[in-house]
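Asks: Could you have a look at this structure, given as structure tokens, before my questions?
Where a number appears in this text, it was derived from the coordinates with a stated rule and is not lab data. This one's a predicted model, so the numbers in the text were calculated from it and none came from an experiment. In this analysis, Cβ positions are derived from the backbone assuming ideal geometry, glycine residues included, and neighbour counts consider all displayed protein chains.
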Amino acid sequence: MNKVVQSADEAVAAVASGSTVMLGGFGLCGIPENLIAALVRRRVTGLHTISNNMGVDGFGMGLMLEAGMIASHIGSYVGENRRLETLVLKGELDLTLIPQGTLAERIRAGGAGIPAFYVPTGLGTVVAEGKETRKIGDRTYVLEHALHADVALIKAWKGDRLGNLVYRKTARNFNPAMATAADLTIAEVEELVEPGELDPDQIVTPGIYVNRILVGATYQKPIESKFIQAAIGQSGGAA
Amino acid sequence: MTGKERIARRIAREFRDGFYVNLGIGLPTMIAGYIAAGIDVMFQSENGMLGVGGPPSAEQEDPDLINAGKQTVTEIPGCSFFGSEESFAMIRGGHMDMSILGAMQVDEHGNLANWTIPGKMVKGMGGAMDLVAGARRVIVAMEHQTKEGASRILKQCTLPLTGQSVVHDIVTELCWIHVTPEGLVLTEVAEGFDAAAVQARTEAKLIVSPELRAMTVAAGS
């Protein structure tokens, strides 16, 4: 068994226009930089993207937005992307904002064979509008449906040719859940190791979920909000 | 002491040893700077970390180690990392002792609005709706009035809600307000103010607690 592909371009060659694509990452942390760049080179259009954020102007998914590749997006926070805000306010992009935890659980459910589930989140807000609610015990819950994608593009720290993956620090975020919830999961890693080198007790994503794996050619890993010790006491970005 | 600092120092007094707390972005992050000695609090960041430390030095800065505000942070000994689905399972599952977040509006029913201004702002709710639905105690930390001098504590929120009847307490630079089924109870007022002065700056009706006391704050660091 060998799931290794040699380049990001080869990895995304099967991604068709109009696909539903999940992209891992939180802000610019743990995003599949190399796969996004390859997708932009491929110029597929009409994509339905699912990702917590939408990159920033000029990096990450911001590049896909600027290339006009995205028809609709489901996420929880897009405040770092000014271009997106403009497109949405002009009605040129179909944006669905949902609570971050509900997003994560809908993806997890999609990979776990659970079609829908109840959560307390969003009750009495626009998020619950048009959705079934149900009183269980003394609390009312909102029915949320699973999310599934044609393709998941994810980023891990290390992996092997069987697709086993480990992550590093907060670059894990949505990546493991998304790995489980797509027909085709493509993982990019910083380092490819031999099967057996990853401690089986430490593997976060077992290889069964991963169809292709590649070593990213380069990593820029830009930091969105520089915050070092001299800045203590100052407040940071938005919600 | 600025108003924001007074809010942060007052809320810091609520922490008990062993608490797991999620601090929202902006003003709430300041609270971490005023925890009393001997109180160990584990801060959670909803992007997937328990045990968030302070900002790094220039040498420690790591793009793989950020908080929910996308700021670089450090690890404290005993910290742990996990995926978003687990992060929100611990939030939704009632494991967080406290969630402290900012607001644009709060009302007499404990409703909270802090995520959108229709037609003007497209950003998203992030994890706020999950946090207010799942934390054991939700404290709103905000300046009492808008920059234009309008009340943020209203009879009824006019902006789209983040959560319905989710707020337990409201802390501003002027006062502490406890949300009850009967309404908003004023329990503490800051030095230099009295209940009438706070009510004059508040649209919502305040019920003055018979045990109304002065708002005392934690020492500076």
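Asks: Which of A:His73, A:His48 has the fewest other C-beta atoms within 10 Å, and how do the rest follow up to the most?
Replies: Values: A:His73 26, A:His48 17.
Fewest to most other Cβ atoms nearby, the residues stand as A:His48, A:His73.
Asks: Can you list the HN-Hα couplings for the stretch B:130-135, worked out from phi with the Karplus curve (6.51, -1.76, 1.60; θ = phi - 60°), rounded to whole Hz and with x for Gly and Pro?
Replies: Per-residue couplings from phi come out as 5, 4, 6, 7, x, 6 Hz.
Asks: Here is a follow-up. Got the relative contact order for the stretch B:13-64 handy, in percent, Cα pairs under 8 Å and 6 or more residues apart?
Replies: Working: 46 pairs, mean separation 18.6, N = 52.
With pairs under 8 Å counted, the relative contact order is 36 percent.
Asks: Ok, one more. Based on the alpha-carbon set only, what is the convex hull volume of the stretch A:73-126 divided per residue, in Å³?
Replies: Once divided by residue count, the hull of the stretch A:73-126 is 101 Å³.
Asks: Could you tell me how many cubic angstrom of Cα convex hull volume the stretch A:1-116 has per residue? Don't skip to the answer; put the middle values down first.
Replies: Details: hull volume 13.7 nm³, N = 116.
That works out to 118 Å³ per residue.
Asks: Take the alpha carbon atoms of the stretch B:10-79, find their radius of gyration, then divide it by 2.2 N^0.38 Å using N residues; give the quotient.
Replies: This ratio for the stretch B:10-79 stands at 1.07.
Asks: Roughly how tilted is helix B:3-12, in degrees to the nearest 10 and between 0 and 90, from the longest Cα axis of chain B?
Replies: The answer is roughly 70 degrees.
Asks: Tabulate in residue order the Karplus-calculated ³J(HN,Hα) for the stretch B:162-174, using 6.51 cos²θ - 1.76 cosθ + 1.60 with θ = phi - 60°, rounded to whole Hz; enter x for Gly and Pro.
Replies: Calculated HN-Hα couplings, in order: 8, x, 9, 6, 10, 7, 9, 9, 10, 10, 10, 5, 9 Hz.
Asks: Still on this structure: Write down, largest first, the equivalent ellipsoid semi-axes of the stretch B:125-221 in whole Å, where each equals the square root of 5 times an eigenvalue of the alpha-carbon gyration tensor.
Replies: Working from the Cα gyration tensor, I get semi-axes of 22, 16, 14 Å.
Asks: Something else now. To the nearest whole number, what is the average tally of beta carbon atoms from other chains within 10 Å of the beta carbons of peptide A:149-160?
Replies: Across the residues of A:149-160, the mean count of other-chain Cβ atoms within 10 Å is 0.
Asks: If you look at just the Cα atoms of the stretch A:42-86, how large are its Rg and its Dmax in Å?
Replies: 9.4, 27
Asks: Using a 10 Å cut-off around each Cβ of peptide A:73-85, what is the average number of partner chain Cβ atoms that fall inside?
Replies: The mean count of partner-chain Cβ atoms within 10 Å per residue comes to 3.
Asks: Under 8 Å for C-alpha pairs, at least 6 residues apart: give me the relative contact order for the stretch A:178-219, rounded to a whole percent.
Replies: Working: 35 pairs, mean separation 24.4, N = 42.
RCO, the stretch A:178-219: 58 percent.
Asks: Right, next: Taking 7 Å along the Cα-to-C-beta vector as the label spot, tell me the B:Ile39-A:Arg43 distance in nanometres, rounded to one decimal.
Replies: A separation of 6.0 nm, rounded to one decimal place.
Asks: If you restrict to DSSP beta bridges whose two residues both lie in chain B, what percentage is antiparallel, to the nearest 5?
Replies: Among the beta bridges of chain B, antiparallel pairing accounts for roughly 50 percent.
Asks: Cross-link candidates for B:Lys147: which lysines have Cα within less than 24 Å, leaving aside residues fewer than 8 places away along the same chain?
Replies: Partners found: B:Lys4, B:Lys120, B:Lys123, B:Lys155, B:Lys205.
Asks: If you don't mind, another one. Mind checking the alpha-carbon convex hull of the stretch A:172-219 and giving the volume per residue in Å³?
Replies: So the per-residue Cα hull volume is 93 Å³.
Asks: In chain A, how does Rg compare with the Kirkwood Rh, expressed as the Rg/Rh ratio over alpha carbon atoms? Please list the in-between numbers first.
Replies: Details: Rg = 18.2 Å, Rh = 18.6 Å.
The Rg/Rh ratio comes out at 0.98.
Asks: On average, how many beta carbons from a partner chain sit within 10 Å of the beta carbon of a residue in A:220-229?
Replies: Counting Cβ atoms of other protein chains within 10 Å of each residue's Cβ and averaging gives 6.
Asks: When the convex hull of the Cα atoms of the stretch A:38-172 is projected onto a plane and the area is averaged over all directions, what value comes out in nm²?
Replies: Over all viewing directions, the stretch A:38-172 projects a mean Cα-hull area of 10.5 nm².
Asks: May I pose another question? In whole Hz, what ³J(HN,Hα) sequence does the stretch A:45-51 give by Karplus (6.51, -1.76, 1.60; θ = phi - 60°), x for Gly and Pro?
Replies: So the Karplus estimates, Gly and Pro as x, are 10, x, 6, 9, 9, 10, 6 Hz.
Asks: Hey, could you get me the Stokes-Einstein D for chain B, Kirkwood radius over alpha-carbon pairs, 37 °C and 0.692 mPa s, rounded to whole µm² s⁻¹?
Replies: Using the Kirkwood radius from Cα pairs, D works out to 183 µm²/s.
Asks: Would you compute, for the Cα atoms of the stretch A:129-203, the largest minus smallest coordinate along each principal axis and list the three values in descending order, in whole Å?
Replies: Here the Cα extents, ordered largest to smallest, are 51, 27, 19 Å.
Asks: Distance between Cα centroids, the stretch A:144-165 to the stretch B:173-221: provide it in whole Å.
Replies: 50
Asks: Which of B:Ile66, B:Asn22, B:Val198 sits closest to the plus end of the dipole of chain B, meaning its Cα is farthest towards the positive end, when Lys and Arg get +1 and Asp and Glu get -1 on the C-beta?
Replies: So the residue furthest toward the plus end is B:Val198.
Asks: Stokes-Einstein D for the protein assembly as shown at 4 °C, 1.567 mPa s, Kirkwood Rh over Cα pairs, in µm²/s?
Replies: Values: Rh = 22.8 Å.
Translational D for this selection: 57 µm²/s.
Asks: Could you pull out every whole DSSP H run in chain A that spans at least 24 Å of Cα extent along its own axis and averages 1.0 or higher on the Kyte-Doolittle scale?
Replies: Once both thresholds are applied, nothing remains.
Asks: Place a point 7 Å from Cα of B:Ser165 in the direction of its Cβ. Which residues in the stretch A:128-146 have their backbone N less than 16 Å from it?
Replies: A:134-142
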